[in-house]
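Novice: Sharing a structure below in structure tokens format, with a few things to ask.
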Amino acid sequence: MKRLAVIVMLVGLTSGPAGAVDPPCDAYPPPKQPRCVEIWKDLYQEDGPVIAQFGMSQLKRREQGQITAEQHLAENMNFIKQSTQKRLARLYERMAKE
């Protein structure tokens, strides 16, 4: 049951924010924002399986007592930060090509 909750949470994290104009897309003029949002959604879709796998690995490690709740949170935050930075870099590259 815990795994299902984690998967649902991760799917929500990877699909929810992309539906609105995101802060990175705010940097573009209004005519380009819809395309930016489309690219941003695509990037979330591309990264979804990697994010879900990381979350499942973390949960397994925590259940096995290999990491504490604090370590789990810290590692998740670090992973989210790094993956977001990579996704932003890919967004800017793709928008530059448009």
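Novice: Six or more apart or on different chains, Cβ under 8 Å: which pairs go from a residue in the stretch 86-98 that's within 15 Å of Ala27 (Cα to Cα) to one that's open to solvent by 40 Å² or more (accessible area, probe 1.4 Å) and assigned to a helix (DSSP H, G or I)? Could you list them?
Specialist: Qualifying pairs under 8 Å: Met95/Lys32; Met95/Arg35; Glu98/Lys32; Glu98/Arg35.
Novice: With the structure loaded, tell me whether Leu59 is among the aliphatic types (A, V, I, L, M) and closer than 27 Å to Pro24 by Cβ or whether it fails that test.
Specialist: So Leu59 fails the test.
Novice: Go through the stretch 58-77 and give me each residue that's assigned to a helix (DSSP H, G or I) and open to solvent by less than 80 Å² (accessible area, probe 1.4 Å).
Specialist: Within the stretch 58-77, Gln58, Leu59, Arg61, Ala69, His72, Ala74, Glu75, Asn76 meet the criteria.
The values are calculated or read from the model by the stated rules, or taken from the named source; none is laboratory data. Because the structure is a prediction, the values reported are computed rather than measured. Cβ: placed from backbone, ideal geometry, glycine included. Neighbour counts: every protein chain shown. Only protein heavy atoms, including side chains, enter the accessible area calculation; ligands, DNA and RNA are left aside. Shrake-Rupley method; radii C 1.70, N 1.55, O 1.52, S 1.80 Å.
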